[in-house]
Amino acid sequence: MHGFPIPFDIILFAMIAVFLVLRLRSVLGRRTGNERRRDPFMQRFGGPPGKVINLEPTNTTIHTPGAEESEPAPSEGLEAIRKVDPGFSPEEFLKGARAAFEMIVAAFAKGDKAALRPLLSEPVFASFSAAIDERLAAKETLETQIVAIEGAEILSGRLEGSRAEVAVKLVSRQINLTRAADGSILEGDPRAPVEKTDSWTFGRETRSADPNWVLLATASG
């Protein structure tokens, strides 16, 4: 017994459908340059910051779950750090924070993990390292130029046991270019610096003989 003949238009539509499926499979997963890339400078690490003392000369207080209703005076955070670390100076700390900011941003752009390792905490290094590996796997390069650091101020400070933590706001103008393997620009404009506001939290174990601070958390806005 013979089957019914299949109309030509159905065969044609089927062939078009197969072509479209193959075409979609060929482009799925490709990078177009418009995807939002993971930016480690926009991440926070180590969970919520707990009770952070505001160091601004205002009456604003910072409330966190479980924190007492009354917050210490704004300067008590730095004073607490200074008591256990007499060598601590907010002015010198800001100078060091600016230098660390430039070093970390430059090392991340170059993919220099060896330079980053002593400057970052374990969670931050893991995230930066993963972002660098992702960039290398995509055969992309990042070029970063800090045109100027226009402002740096201490936002908050606290002493958690023997660990001192200080958060700093850094305002900078940067040129950031992401290039493909062929040198074409995927993101950024070499003629248009972008203003960035970063809040970085540094920490140091005050009982340690090592005077260096490491980056504990980053946030960009």
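A short reminder: the numbers here are calculations on the coordinates, not readings from a lab. Everything quoted here is computed from the prediction, not taken from an experiment. Note that we place each Cβ from the backbone using ideal geometry, even for glycine, and neighbour counts take in every protein chain shown.
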Projected label distance in nm at A114 and K139, using a 7 Å step from Cα toward the beta-carbon: 2.6
Under Karplus coefficients 6.51, -1.76 and 1.60, residue-wise ³J(HN,Hα) of the range 119-131 in Hz, glycine/proline x: 9, 10, 6, 4, x, 5, 4, 4, 5, 4, 4, 5, 5
Rounded, prolate or oblate (a/c below 1.5 giving rounded, otherwise prolate when a/b exceeds b/c) for the range 51-220 by Cα gyration tensor: prolate
Order by protection proxy (mean Cβ within 10 Å, highest first), peptides 192-202, 176-186: 192-202, 176-186
Rough spin-label spacing in nm, given labels placed 7 Å along Cα→Cβ, for A126 and S162: 2.4
Residues in the range 144-170 reached by a label modelled at E205 [backbone nitrogen below 16 Å; 7 Å Cα→Cβ]: 160-165
Full-stretch length increase - I149, E91 - with 0.36 nm per residue and alpha-carbon distance subtracted: 19.3 nm
